[in-house]
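Have a look at the structure below before the remarks.
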Ligand code: ADP
Ligand code: MG
């Protein structure tokens, strides 16, 4: 316990002191909890991709990040590692309720993110759930309050915000929007705006998108505070 207490404080200091032009290449150079380091190693994630190298240190430092990188560039770890670590450094426990929300455009993508979270987060004791419809609303309603992390599709999440009396996001620490361009292409702009309206203003937000359209920029203006912009261009 004493050891853990020291690790929380040490990580907080290291993240605050992270140089924003840091140039780490391997996950094990990052100031991450040993639980996450073990999860990454056991999943054979060793060397970072470019978007991970650029986005993760900024997000660990506490910045809002607007990330642009094409499909297949490794955005899932770029968003999940800062999420887990944020809750870890906040000493989040299963009793602390909802701490993190990830919004993805489709059920399939939400499930993929959930599977990666299960792999790299296997040593952590945080609870995580999918809110993607397909099951009866009541089944989700019963479980949703016990979750620290929710991976959601926009329509179903807003439905819970409107219809699940006990749903509480007052302590939310971090919001992540993945594939924001696709979320908007699928017609979820109003839904996502309504979700964001329900969230505490004081939070960290990461927004990832394959393309930077005007509507993505509008959503970024609405959801991010003084964001750091990172992009990875295809090598030609
Ligand atoms: P994106 O969300 O940008 O489309 P993903 O996060 O789905 O990309 O990653 C694409 C693939 O690359 C996945 O199979 C994932 O396991 C793999 N991958 C991601 N980051 C790394 C890494 N640092 N080392 C090895 N493989 C990785
Ligand atoms: Mg992805």
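All of the numbers you see were taken from the coordinates with simple rules; none came from a lab. This is a predicted model, so every value here is computed, not measured. Cβ placement follows ideal geometry from the backbone for every residue including glycine, while neighbour counts extend to all protein chains displayed.
Values computed for the structure shown
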read-out: GNM result for the chain, Cα springs below 10 Å: residue of 220, 165, 110 fluctuating most strongly; value: 165
read-out: Beta bridges by DSSP in the chain, antiparallel share as percent, to the nearest 5; value: 5 percent
read-out: Approximate spin-label separation residue 119-residue 23, in nm, with each point projected 7 Å along Cα-to-Cβ; value: 2.9 nm
read-out: Choice from 187, 72, 129 with maximal GNM fluctuation in the chain (Cα, 10 Å cutoff); value: 72
read-out: Residue with peak Gaussian network fluctuation, the chain [Cα springs, cutoff 10 Å], from 137, 219, 66; value: 137
read-out: At 0.692 mPa s and 37 °C, Stokes diffusion of segment 99-236 via Kirkwood alpha-carbon radius, µm² per second; value: 211 µm²/s
read-out: Relative contact order computed over the chain (Cα-Cα under 8 Å; 6+ residues apart), in percent; value: 25 percent
read-out: Relative contact order of segment 112-236, pairs being alpha-carbon contacts under 8 Å that are 6 or more residues apart, as %; value: 21 percent
read-out: Sum of -39500 (n - 2.57) over DSSP H runs of 4+, divided by residues of the chain (222 nm, nearest 500); value: -13500 deg cm²/dmol
read-out: Bins of 10 Å, starting at 0 and running to the largest distance - Cα pair percent for the chain; value: 8, 34, 39, 17, 2, 0
